[in-house]
1. Quick one: 3J(HN,Hα) in Hz for the range 9-21, Karplus 6.51/-1.76/1.60 with θ = phi - 60°, rounded, Gly and Pro as x.
2. Give the angle, between 0 and 90 degrees and rounded to the nearest 10, that separates the Cα long axis of helix 70-93 from the longest principal axis of the Cα atoms of the chain.
3. For the range 108-178, rounded, prolate or oblate, judged on the Cα gyration tensor with a ≥ b ≥ c (square roots of eigenvalues), a/c < 1.5 rounded, else prolate if a/b > b/c?
4. Could you state the angle between the C-alpha long axis of helix 154-165 and the longest principal axis of the C-alpha atoms of the chain, as a value from 0 to 90 degrees rounded to the nearest 10?
5. Which whole-Hz ³J(HN,Hα) couplings does the range 127-132 yield from phi under the Karplus relation 6.51 cos²θ - 1.76 cosθ + 1.60, θ = phi - 60°, glycine and proline marked x?
6. How big is the charge dipole of the chain about its Cα centre, in debye rounded to the nearest 20, if each Lys and Arg gets +1 on its Cβ and each Asp and Glu gets -1 on its Cβ?
7. With log10 I(q)/I(0) by the Debye sum over Cα atoms at q = 0.11, 0.19 Å⁻¹ as the read-out, I listed [x] -0.57, -1.19; [y] -0.48, -1.30; [z] -0.66, -1.15; which label goes with the value calculated from this structure?
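Bear in mind that the values in this text are calculations on the coordinates, not laboratory data. Given the structure is predicted, the values throughout are model-derived calculations rather than measurements. Cβ sites come from the backbone with ideal geometry, for glycine too, and all protein chains shown count toward neighbours.
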Amino acid sequence: MDIPSKSSSAAEADRLLAEWEQRSLLASLAHARSANRSAAWDLRLGLVSASVTAIVGTAIFASIAHDVSTLARIIAGAVSVLAAVLTAVRTFAAPGQRKEAYERASRRHSAVRRQIEVVRTQLAAGEAFDVWARIEEVRIAGDEAAADSPNASPRLFDRTRREMKNELTWWDKLRRLA
């Protein structure tokens with residue numbers, strides 16, 4: 001939405017700020033959900049990787065103590081490769097670092113939303129200030145937050161948008177029951 005001219009009314013300024021407030025809330029929630037999902041993946045990959053590595057270690061010690069079949073050695077080798085692959089995926093996907101980036105983004109968008117709330121409150125109270133200068137400050141803060149943020153998962157972003165508009169699909173409603 002284009003910024004109205006400085007001669008525009010306070011109602012137009014409030015309408016613009018209300019739209020930006022909704023966008024900031026949406027971005028904040030979508031990034032928070034993305035952070036939660038990244039944290040869950042980090043935990044899952046870490047647990048599975050550690051478990052598989054422990055199994056490989058146990059199998060190797062068992063094979064040293066006893067003469068094992070070729071099939072057992074192949075299985076131990078395959079599980080060893082699986083452990084290496086899981087560790088590599090966790091390293092290169094870096095879900096822990098992504099979680100931190102999403103959390104930072106969520107906090108930045110929340111700060112922009114709070115800044116908008118302050119301006120809207122001052123506007124509603126009829127305080128004397130240059131609303132368009134404050135709107136420009138909010139715009140700059142919002143642009144910086146967006147530029148420094150990783151993209152939230154499109155699926156989580158769309159689901160969050162549907163929830164905010166109360167336009168849930170049957171799948172969203174089913175997920176809420178679980």
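1. Once θ is set to phi - 60°, the couplings for the range 9-21 become 7, 5, 5, 5, 4, 5, 4, 4, 5, 5, 5, 5, 5 Hz.
2. 20 degrees
3. oblate
4. Approximately 40 degrees, to the nearest 10.
5. Calculated HN-Hα couplings, in order: 5, 8, 6, 7, 4, 6 Hz.
6. For this selection, approximately 720 debye.
7. The value matching this structure is [z].
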